[in-house]
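One structure is given here, and the rest of the page talks about it.
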């Protein structure tokens, strides 16, 4: 999985951790990426997106499936 947001292109940044004694060690800041289902041109596709794009409404999630045809109504199937 690449660590790049498919919408905004956000990627890991690097720099230094600097201690109180001014010691420097390498540090990597990674974006908070999530795999999300997204509707694009009528097709549902799984994309890797940062949480900022999800909160910002850039991701169009598919409508929930109608499971009433799959699940019987009225409770447990084994009891029937």
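The values are calculated or read from the model by the stated rules, or taken from the named source; none is laboratory data. As the structure is a prediction and not an experimental result, all values here were calculated from the model. Don't worry about glycine lacking a Cβ; one is built from the backbone with ideal geometry, like all the others, and counts go over all protein chains shown.
The figures follow:
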item: Of the criteria (1) within 20 Å of the chain's Cα centre (by Cα); (2) at negative phi; (3) exposed (fewer than 12 other Cβ atoms within 10 Å of the Cβ); (4) part of a loop (DSSP other than H, G, I, E, B), which one residue 35 fails; result: (4)
item: Selected residue [at pLDDT 95 or above and in a loop (DSSP other than H, G, I, E, B)] from 10, 58; result: 10
item: Top-ranked residue of segment 38-54 - restricted to ones that are without any contact (Cβ under 8 Å) to a residue 12 or more places away in the chain and in contact with a strand residue (DSSP E or B) (Cβ under 9 Å, 6 or more places away or on another chain), ranked as surrounded by the fewest Cβ atoms within 10 Å (Cβ to Cβ); result: 46
